[in-house]
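Please read the structure below before turning to the comments.
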Amino acid sequence: MRQGWDPRYKIWVEHGEPTPPTPPPVIDNTRQPLMSDMTALLNDLSYIPPNNEHNEPTQGDIGETSNEPTQATRNEFEELYASANEELYPGCDYVTRLDFMAKFTYFKAKGRLTDSIFNEMLEFFQNVFPISKGFKLPPSYYAIKKTFKTIGLGYESIHACEHDCCLFRGDNNKDLDFCPVCNTSRWKDSNTPGKKVPKKVLRYFPIIPRLQRLYKSSHTAKDMIWHATGKCTEPGKDATPGLMVSYGRKLTPSIQILQKEPRMFD
């Protein structure tokens, strides 16, 4: 309020002026692809470079050159490349089959849908858009996970005590049936024949392959070394925001050596 007056009050609808008509919606008939180029994303993984007819060695982990991937790995990525260029249905130029699976999985995570609800939705779509008419929808969530498993970035499932006393891992605890602290059973039903179901599961996402993926991707590699290559133009701001320098700590010789390598000093 400014001297008792709202400066945003430009049209006096409360004092007799008519409300302006709502402008008609702008309809864009030119549809653009829903997602980024999945083929370029697969190229960033560097498992199967495009047009690599001479079987040249591919780029592996950070700063290393890997040998030729196994034939099984090549076959799996060839299938991913095929899905990345496969129409979802004849004449579809909006998304590819791999685009649809990626976006649909994103909606599942965003909406926190259970696997059963997700599979029911896929089953409904398959009845509406059957394979017999050229639609190529994934049959189940398991099939989608199996497809994207090739890309990597999975997780490790670790059984845990339901009271968070310990993790059932390592040489001392991995074979235990009861918590060594509170003596609570590890399983929901200890008498279940066959594979037992744990009461609580911790999902561990390893950090190293995720850092490697950030450096491999052409979309994020530049940002990962910004602290060494970026320039800050704002007055009063540090132009080289190294972590140790920002905290005013004295750099040891070993840290100074690491600082010369942008990928090691982030």
Solvent-accessible area, 1.4 Å probe, carbon plus sulfur percent, for segment 140-203
48
If amide H atoms are built 1.01 Å from N in the plane of the peptide, which residues on other chains or at least 5 residues away come under 5 Å of the amide H of K200?
A160
Figure the gain on full extension for Q212 and Y142 (residue separation times 0.36 nm, minus the Cα-Cα span) and round it to one decimal in nm.
22.6 nm
For the pairs K108/K222; K103/K146; K145/K195; K103/K200; K110/K196, flag any whose C-alpha to C-alpha distance is greater than 24 Å.
K108/K222; K103/K200; K110/K196
Convert each backbone phi in segment 179-188 into a coupling constant with the Karplus relation 6.51 cos²θ - 1.76 cosθ + 1.60 (shift: θ = phi - 60°), then list the ³J(HN,Hα) values in order as whole Hz, x for Gly and Pro.
5, x, 9, 10, 6, 7, 5, 6, 10, 5
If you roll a 1.4 angstrom probe over the protein chains with everything in place, what fraction of the accessible area of segment 65-139 belongs to carbon and sulfur, to the nearest %?
55
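The values are calculated or read from the model by the stated rules, or taken from the named source; none is laboratory data. All values derive from a computational prediction rather than experimental measurement. In case anyone asks, the SASA skips ligands and DNA or RNA and just uses the protein heavy atoms, side chains included. Shrake-Rupley method; radii C 1.70, N 1.55, O 1.52, S 1.80 Å.
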